[in-house]
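Since every read-out is calculated from the coordinates, none of them should be taken as a lab result. Since this is a predicted model, take the numbers as computed values, not measurements. A quick note on method: Cβ atoms are made from the backbone with ideal geometry, for glycine too, and the neighbour counts reach across all protein chains shown.
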Amino acid sequence: MSNLLDLKLSTLATKEDINHLREDYAALKEENRFLRSEIDSLKLVYEKSVKTIDEIDFRSRRNNLIFKGIKYSSTDDMVKLIGEFCQQVLKLNINTDFFQVTPLGRGNLDDKPLLVTFLRSQDKLAILKNCKCLKNTGFVIQQDYPLNIRQRRSKLLLIRREILRKKFGVRVAILNDTLLIQNERFEWSLAKGLTFQNEEGTRKLSELVGADLTNFINALASNSIPADYFSNNPIGKSVVMSTPAAPSAVQPPT
């Protein structure tokens, strides 16, 4: 009987054993905290590097525009086609000696986007200035942005759309991949979401517009805005954001 009792007692954890376990747990917890901090730092370094590359890439595209909605055939003279489009639709005479045209995408579609590269920046700027002529025509002309800038810009365009939908009465604009509100600059970070001066920016945005946009920004960050969000929520309607099961398919305006 005594031997059996001794055996059972020997299997019980002592106070010293418990203290060791607590120390091990504390060490693992600290190591986990350190690793999380390292991962967050690496994410920021990575995003900064990506942004630097994007800026270099964007500068190389600064005189590029993408024309959408123009129908053509493989035998057409693309340069002549764009020249005539500028003259007839945009009411501009652009010298065809100073740009080149490249169809984008694969396949034999007759309305693939056309990448137009201008030798002179003034020609590109003149076209952008006259894009008001494209209203209700079905044609679209856009700046040629690198993929990462397009992704960040799409998030900011949806924020702008929500602000305009709710008529907050603030000045809001998009400049490349920067959101300008009341002369304050916001950006979209893959690591942090909406940022203001490199810090979390939702509170500052809500302060500027005079309403809490936390739920909308969180849904945007998790790609959980319903595809029909804007069509089902007209201007002036108050909406309570919820998280749907499927990812968002909502698209920003061009």
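Miscellaneous remarks
- Close amide H pairs (under 5 Å, H built 1.01 Å from N) link PHE99 with LEU119, residues at least 5 positions away or on another chain.
- One decimal place: the segment ASN215-LEU147 gains 21.8 nm when fully extended, by the rule 0.36 nm per residue minus the C-alpha distance.
- Charge dipole (Cα centre; +1 on Lys/Arg Cβ, -1 on Asp/Glu Cβ; no other charges) of the range 63-143 amounts to roughly 360 debye.
- Projected label points at ARG120 and TYR46, each 7 Å from Cα along the beta carbon direction, are separated by 4.5 nanometres.
- Applying 1/(1 + (r/R0)^6) with r as the Cβ-Cβ distance of GLU200 and ILE174 and R0 = 30 angstrom yields a FRET efficiency of 0.90.
- Site pair ARG62 and ASP97 shows an inter-label distance of 2.4 nm when each label is modelled 7 Å from Cα along Cα→Cβ.
- Derived scalar couplings ³J(HN,Hα) [the range 192-207; Karplus, 6.51 cos²θ - 1.76 cosθ + 1.60; whole Hz; x for Gly, Pro]: 10, x, 5, 10, 9, 6, 6, 10, 3, x, 5, 5, 5, 4, 4, 5
- Shown in residue order for the range 79-90 are the 3J(HN,Hα) couplings computed by the Karplus curve 6.51 cos²θ - 1.76 cosθ + 1.60 at θ = phi - 60°: 5, 4, 4, 5, x, 5, 4, 4, 6, 7, 9, 8 Hz (x for Gly and Pro).
- Subtracting the Cα-Cα distance of ASN32 and GLU184 from their residue separation scaled by 0.36 nm leaves 51.1 nm.
- Under 12 Å from a label point set 7 Å out along the Cα-to-Cβ vector of ARG106, no amide N atom of the range 35-74 is found.
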